[in-house]
Each structure stands twice: as structure tokens, then as C-alpha cells.
Amino acid sequence: MMIVLLYIVMVVVALGLVATVWASRGGPRWVQGVAKATQVLAEVVASAAKNSGRSRSNSGNSGDS
């Protein structure tokens with residue numbers, strides 16, 4: 001079941017990449033919307049990963065003082 005879920009996520013990511021490239025070359029309006037949504041979602045995920053890394057490093061150093 002996890003393999004199927006991972007496969008679906010990979011397909012969605014690949015389609016978002018294709019939409020982003022197509023939109024940069026002047027694709028239809030709906031493709032530009034999908035590309036914008038993909039870029040916003042990528043920023044949210046990157047921000048969450050960055051904050052998650054900070055909280056883990058801070059929690060590991062709290063007992064050393």
C-alpha cells in the first residue's frame with residue numbers, strides 16, 4: 001500500500017514539474033495555475049522542512065547547557 005502511495009506522489013510531482021516547464025514556455029492559463037500551485041506548495045514544503053530541522057537541532061542542544 002505504501003508503494004502505491006509513493007507512486008502516486010511521484011506522479012503528482014512529475015506532473016507539477018511538467019506544468020511548470022510548460023507554463024514557462026507560455027502554456028494555457030490552466031497550466032499556469034497548476035504551475036503556480038506547484039511552486040507555492042514547494043515553498044511550503046521547503047519552509048516546513050527548514051523549520052523541522054531547526055526544531056530538531058534546538059531540542060538536541062537544550063540539555064547540554
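Here is how the numbers come out for the structure above:
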| read-out | value |
| --- | --- |
| Boolean, Ile3 is open to solvent by 100 Å² or more (accessible area, probe 1.4 Å), out of contact with any Cys (no Cβ under 8 Å at 6 or more places or on another chain) and modelled with pLDDT of 95 or more | yes |
| Identity of the residue in the range 37-60, touching a residue at least 12 places away in the same chain (Cβ under 8 Å) and open to solvent by 70 Å² or more (accessible area, probe 1.4 Å), that ends up nearest to the chain's Cα centre (by Cα) | Leu41 |
| Tabulated pairs, the range 20-33, first in contact (Cβ under 8 Å) with a residue 12 or more places away in the chain, second open to solvent by less than 40 Å² (accessible area, probe 1.4 Å) and small (Gly, Ala, Ser), C-beta under 7 angstrom, 6+ apart or interchain | Thr20/Ala35; Ala23/Ala35; Val31/Ala19; Val31/Ala23 |
| Matching residues, the range 14-36, being outside any helix (DSSP H, G or I) and open to solvent by less than 70 Å² (accessible area, probe 1.4 Å) | Gly26, Gly27, Pro28 |
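Each row is one residue, and each column tells you yes or no for (1) modelled with pLDDT of 95 or more; (2) assigned to a helix (DSSP H, G or I).
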| position | (1), (2) |
| --- | --- |
| Ile8 | yes, yes |
| Val12 | no, yes |
| Thr38 | no, yes |
| Ala42 | no, yes |
| Val45 | no, yes |
| Asn51 | no, yes |
| Arg54 | no, yes |
| Ser59 | no, yes |
| Gly63 | no, no |
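The values are calculated or read from the model by the stated rules, or taken from the named source; none is laboratory data. As the structure is a prediction and not an experimental result, all values here were calculated from the model. Virtual Cβ from ideal backbone geometry, glycine too; neighbours counted across all protein chains shown. These area figures cover heavy atoms from the full protein model, side chains too; ligands, DNA and RNA do not enter into them. Shrake-Rupley method; radii C 1.70, N 1.55, O 1.52, S 1.80 Å.
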